[in-house]
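Since the structure comes first, as structure tokens, the remarks are kept for the end.
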Amino acid sequence: MRWMIVRNDEDLACVAYKVIRNEMMAHPEGMTIGLATGSSPMGVYEEWRKDDIDCSHVTTVNLDEYVGLPLDHPNSYHSFMQEYLFDYVKFKESYIPDGTADPVEESARYEDLVRKLGVDLQLLGIGSNGHIAFNEPGTPFDTKTHVTRLTESTRRANQRFFERIEDVPVEAITMGIGTIMRAKKIVLVASGERKAEAVRQMLEGEETTECPATILKHHEDTLVILDEASAASLSEETKRRGRVAFEAFEC
Ligand code: F6R
């Protein structure tokens with residue numbers, strides 16, 4: 001696992017998007033990128049929107065979707081992706097789990113789809129409880145795409161996108177940890193102090209299902225991009241190495 005500590009949100013978006021862009025350029029024959037939603041990738045999508053690169057050879061596949069929200073609901077991840085990326089950038093094809101379908105059947109269908117596509121690069125955020133996609137603490141590391149019950153802390157964290165806590169769905173369809181680990185390359189972005197403890201566990205803690213992101217240590221090509229606030233609980237040596245890695249990167 002490699003990591004980089006950047007100065008601010010602009011650098012974080014710049015580094016992550018550069019890595020994505022390089023991959024897209026390196027695969028003119030076609031490729032698949034796994035996408036995330038939430039606050040973490042917003043800056044990355046802003047960089048993407050400003051770029052005029054041709055993405056007609058790129059297929060996208062999102063990590064997750066709430067169960068029960070109509071696709072055009074303002075808080076569905078379908079709407080999120082439309083608003084922040086798909087209305088601006090034209091891809092070959094884009095897939096997101098359908099939260100209105102039978103969740104168990106949809107999970108199986110989506111797992112097959114992701115397996116057939118094969119993900120070349122997966123963009124990830126991290127929950128303050130260490131979740132990746134909606135794989136909450138306690139989820140076994142080998143899970144496939146499945147229906148998951150969101151923890152109260154995740155529902156509260158995501159309440160900012162909804163009017164009331166009661167409006168936040170209780171379930172989601174999510175790629176499993178096993179599904180995510182099959183991606184050839186992973187780029188995880190984290191910012192803000194509320195991620196600091198999860199980030200410390202991921203980089204310096206023991207591997208445990210209680211912090212799902214700790215499995216990423218076993219992925220052969222994962223880059224973690226952190227701002228100073230999310231890196232605050234790391235040891236001085238880990239921080240030093242992360243800052244040096246950023247200095248070597250042109251952004
Ligand atoms: C979103 C997702 C989640 C988020 C995580 C962090 O598709 O899978 O794992 O990446 O909850 O959310 P933000 O970025 O809003 O802090």
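The values are calculated or read from the model by the stated rules, or taken from the named source; none is laboratory data. Note that the structure is a prediction, hence the values are computed from the model and not measured. A quick note on method: Cβ atoms are made from the backbone with ideal geometry, for glycine too, and the neighbour counts reach across all protein chains shown. Calculation scope for accessible area: heavy atoms of the full protein, side chains included, ligands and nucleic acids excluded. Shrake-Rupley method; radii C 1.70, N 1.55, O 1.52, S 1.80 Å.
Here's a check for you: in region 67-90, which residue that is open to solvent by less than 30 Å² (accessible area, probe 1.4 Å) and out of contact with any Gly (no Cβ under 7 Å at 6 or more places or on another chain) is nearest to the ligand (Cβ to nearest atom)?
Tyr77
Whether any residue in region 174-187 is in a loop (DSSP other than H, G, I, E, B) and free of Cβ contacts under 8 Å to residues at least 24 places away in the same chain is what I want to check.
No; the residues of region 174-187 include none that is in a loop (DSSP other than H, G, I, E, B) and free of Cβ contacts under 8 Å to residues at least 24 places away in the same chain.
Mind telling me which of the residues Thr238, Thr145 ends up being open to solvent by less than 70 Å² (accessible area, probe 1.4 Å), touching a Ser or Thr at 6+ places or on another chain (Cβ under 6 Å), in contact (Cβ under 8 Å) with a residue 40 or more places away in the chain and among the polar types (S, T, N, Q)? If you could, list the steps in order and put the result at the bottom.
Details: Thr238 fails: touching a Ser or Thr at 6+ places or on another chain (Cβ under 6 Å).
Exactly one residue qualifies, and that residue is Thr145.
Report whether or not Arg164 is among the charged types (D, E, K, R), within 12 Å of the ligand (Cβ to nearest atom) and within 24 Å of Phe80 (Cβ to Cβ).
On the way: among the charged types (D, E, K, R): yes; within 12 Å of the ligand (Cβ to nearest atom): no; within 24 Å of Phe80 (Cβ to Cβ): yes.
No: the conditions fail for Arg164.
State whether the residues of region 154-165 include one that is assigned to a helix (DSSP H, G or I), aliphatic (A, V, I, L, M), out of contact with any strand residue (DSSP E or B) (no Cβ under 7 Å at 6 or more places or on another chain) and surrounded by fewer than 19 Cβ atoms within 10 Å (Cβ to Cβ). Step through it out loud before you land on a result.
Filtering region 154-165 down to residues assigned to a helix (DSSP H, G or I) leaves 154-161, 165.
With the extra rule that they be aliphatic (A, V, I, L, M), the set shrinks to 157, 165.
Remaining after also requiring out of contact with any strand residue (DSSP E or B) (no Cβ under 7 Å at 6 or more places or on another chain): 157, 165.
With the extra rule that they be surrounded by fewer than 19 Cβ atoms within 10 Å (Cβ to Cβ), the set shrinks to 165.
The answer is yes; a qualifying residue exists.
Scanning region 130-147 for residues that are of a type in the set (S, T, N, Q) and within 20 Å of Gln201 (Cβ to Cβ), which turns out nearest to the ligand (Cβ to nearest atom)? Give the steps one after another, and end with the answer.
Looking only at region 130-147, we keep the residues that are of a type in the set (S, T, N, Q), and these are 135, 139, 143, 145.
Cutting the leftovers down to within 20 Å of Gln201 (Cβ to Cβ) gives us 135, 139, 143.
Details: Asn135: 8, Thr139: 12, Thr143: 14 Å.
Ranking the candidates gives Asn135 first.
Hey, does region 156-165 have a residue that's touching a Ser or Thr at 6+ places or on another chain (Cβ under 6 Å) and in contact (Cβ under 8 Å) with a residue 12 or more places away in the chain?
no
How many residues are within 14 Å of the ligand (Cβ to nearest atom) and either under 14 Å from Leu121 (Cα atoms) or open to solvent by less than 30 Å² (accessible area, probe 1.4 Å) (or both) when one looks only at region 24-66?
18
Please pick out the residue among Ala229, Ala213, Ala196 that is under 14 Å from Met1 (Cβ atoms) and open to solvent by less than 70 Å² (accessible area, probe 1.4 Å).
Details: Ala229 fails: under 14 Å from Met1 (Cβ atoms); Ala196 fails: under 14 Å from Met1 (Cβ atoms).
Matching residue, one of Ala229, Ala213, Ala196: Ala213.
Please list, ordered by first then second residue, the pairs with beta carbon atoms under 6 Å, 6 or more apart or interchain, first in region 118-137 and more than 15 Å from Thr60 (Cβ to Cβ), second within 6 Å of the ligand (Cβ to nearest atom).
Short answer, once both residue conditions are applied: Gly125/Ala36; Gly125/Gly38; Gly125/Ser40; Phe134/Asp64.
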